[in-house]
Amino acid sequence: MIRLSDKVIADPPVVLAPMAGITNVAFRRLCREHGAGLYVSEMITSRALVERNPKTMRLIQFAPDERPRSLQLYGVDPAIVGAAVRLIVEDDLADHVDLNFGCPVPKVTRKGGGAALPWRMQLFAGIVTAAVRAADGAVPITVKMRLGIDREHLTYREAALRAQDAGVGHVALHGRTAADFYGGQADWAPIAELAELLDIPVLGNGDIWEADDALRMVRETGCAGVVIGRGGLGRPGLFADPAAAFEGRPERRLPGLLEVAATMRRHAELLAEWLGEDHGLRDFRKHVAWYLKGFGVGGDLRAALASVSSLAELDDRLGKLDVDQPFPRDVLGRPRGRTSGARAVALPEGWLSSRDECAVPEDAELADSGG
């Protein structure tokens, strides 16, 4: 169990990783319908929240019955992050705030944000401290981060200690650097190192494709819980499995195509309720390949499903599936979603020259949220 406050409890100790363009209110509800956990929103930009940017105000929506309400916040300016957390508390926008220091995408790191920011340790500590002070105990603050920029510029150990000193509730560590992006195999050894080093809970992230991977990570690292990201793409039912796994029960959800088709329909319906049918179905299209991974579905039908523009059209095309197919066991334990490998990390000019610089990078605060 992960217990951050009386309102924020995850039992089993499983967290849905924030994913831009994915972990919106519709996807979180779909996951909640399959199993318990802590389901975090996609990344919300501090500046956009403070300025009440219309897109951002839509992205922070939670379902009326969604508890706890968990929001991930991105920012590089301690003052703006603090203002955003105060707004969250004063307007009762969420029950939990997770700070993003793990995003490896170039548009974020080239401005000094995400996985690049902990290199500037004084700035990192200033942001985390500002968030904790602004929360003033009303909502728990947590941190999610990567190992560092690359293997020559690791930051996880010192950053975790600074975050603990600032008063965060837990630290979640993805076992890859920003340079690793999403390729190769996650390194779980630093997760074990932090679990031994810190007095607060440490959560592990990276290469959790099945519930048994979650059990193995906890057993091998001593972490308090796991964060599941890409493993849930096209498999919201995966969040039913950890409860059984942590209780020692062998059953696992391996849905056949009939159940998968029903889940696809439900996902599209939830997106349509949130965004309107036209926009919702366009957003749904990117999920089709993940849902159908490993099933025997022809290219023409896959393409047709990935171009639907209405629920009626989706119903018609789902009706053409051979739904008697069982779950394709050959995809178990295999990566889903992005698998792009090592790359040079885009950074602001001179970023690596000093670790003690605490000035906010110029034009670094993103003006919009989401993917």
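The values are calculated or read from the model by the stated rules, or taken from the named source; none is laboratory data. None of the values given here were measured: they were computed from a predicted structure. Positions of Cβ are backbone-derived with ideal geometry, glycine not excepted, and every protein chain shown enters the neighbour counts. The accessibility values were calculated without ligands, DNA or RNA, using every heavy atom of the protein model including side chains. Shrake-Rupley method; radii C 1.70, N 1.55, O 1.52, S 1.80 Å.
Determine whether the stretch 115-135 contains at least one residue that is more than 18 Å from the chain's Cα centre (by Cα) and free of Cβ contacts under 8 Å to residues at least 40 places away in the same chain. Yes, that holds for at least one residue. Taking the stretch 66-104, which residues are hydrophobic (A, V, I, L, M, F, W, C) and more than 17 Å from the chain's Cα centre (by Cα)? Matches in the stretch 66-104: VAL76, ALA79, ILE80, VAL81, ALA83, ALA84, VAL85, LEU87, ILE88, VAL89, LEU93. Could you check the stretch 32-44 and list, in sequence order, the residues that are over 13 Å from the mean Cα position of the chain (by Cα) and hydrophobic (A, V, I, L, M, F, W, C)? Passing the criteria: only ALA36. Whenever a residue of the stretch 174-196 is farther than 17 Å from ILE208 by Cα, its partners that are small (Gly, Ala, Ser) and open to solvent by 40 Å² or more (accessible area, probe 1.4 Å), lying with C-beta atoms within less than 8 angstrom and at least six residues away or across chains, give the pairs ALA179/ALA342; ALA179/ALA344; ALA195/GLY222; ALA195/ALA224; GLU196/GLY222. Here the stretch 258-300 is the region considered, the condition is being among the aliphatic types (A, V, I, L, M) and open to solvent by 50 Å² or more (accessible area, probe 1.4 Å), and the residue that is farthest from VAL25 (Cα to Cα) is LEU258. The condition (being in contact with a Ser or Thr (Cβ under 7 Å, 6 or more places away or on another chain), touching a residue at least 24 places away in the same chain (Cβ under 8 Å) and over 18 Å from GLY225 (Cβ atoms)) is satisfied by just one residue among LEU71, LEU38: LEU71. Restricting attention to the stretch 1-21 and to residues that are assigned to a loop (DSSP other than H, G, I, E, B), among the aliphatic types (A, V, I, L, M) and open to solvent by 10 Å² or more (accessible area, probe 1.4 Å), the residue that is nearest to HIS96 (Cα to Cα) turns out to be LEU4. Does any residue of the stretch 174-188 turn out to be outside any loop (DSSP other than H, G, I, E, B) and either open to solvent by less than 30 Å² (accessible area, probe 1.4 Å) or at pLDDT below 95 (or both)? So far as the stretch 174-188 goes, yes, one or more of its residues are outside any loop (DSSP other than H, G, I, E, B) and either open to solvent by less than 30 Å² (accessible area, probe 1.4 Å) or at pLDDT below 95 (or both). Looking across the stretch 111-164, the residues that are of a type in the set (Lys, Arg) and either under 17 Å from SER46 (Cβ atoms) or in contact with a His (Cβ under 7 Å, 6 or more places away or on another chain) (or both) come down to LYS111, ARG120, ARG133, LYS144, ARG146.
For (1) closer than 30 Å to ALA178 by Cα; (2) at pLDDT 95 or above; (3) among the polar types (S, T, N, Q), each residue gets a yes or a no:
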residue	(1), (2), (3)
LEU257	no, yes, no
ALA268	no, yes, no
GLU273	no, yes, no
PHE284	yes, yes, no
GLY294	yes, yes, no
ASP315	no, yes, no
VAL331	yes, no, no
ALA342	yes, no, no
GLU365	yes, no, no
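Before we move on, is THR45 open to solvent by less than 10 Å² (accessible area, probe 1.4 Å), polar (S, T, N, Q) and within 27 Å of ALA245 (Cα to Cα)? No. Applying the set (1) open to solvent by 50 Å² or more (accessible area, probe 1.4 Å); (2) touching a Pro at 6+ places or on another chain (Cβ under 7 Å) to ARG32 leaves exactly one unmet item: (2).
Residues that are among the β-branched types (Val, Ile, Thr) and not in a loop (DSSP other than H, G, I, E, B) were ranked within the stretch 199-257; the one that is surrounded by the most Cβ atoms within 10 Å (Cβ to Cβ) is VAL226. Applying the criterion of being among the acidic types (Asp, Glu) and over 21 Å from GLN185 (Cα atoms) to the residues of the stretch 301-344, the residue that is least open to solvent (accessible area, probe 1.4 Å) is GLU313. You will find that of LEU194, LEU198, the residue that is within 26 Å of THR339 (Cβ to Cβ) and hydrophobic (A, V, I, L, M, F, W, C) is LEU194 and no other.
Filtering the stretch 227-283 to residues that are free of Cβ contacts under 8 Å to residues at least 12 places away in the same chain and of a type in the set (Lys, Arg) leaves only ARG249.
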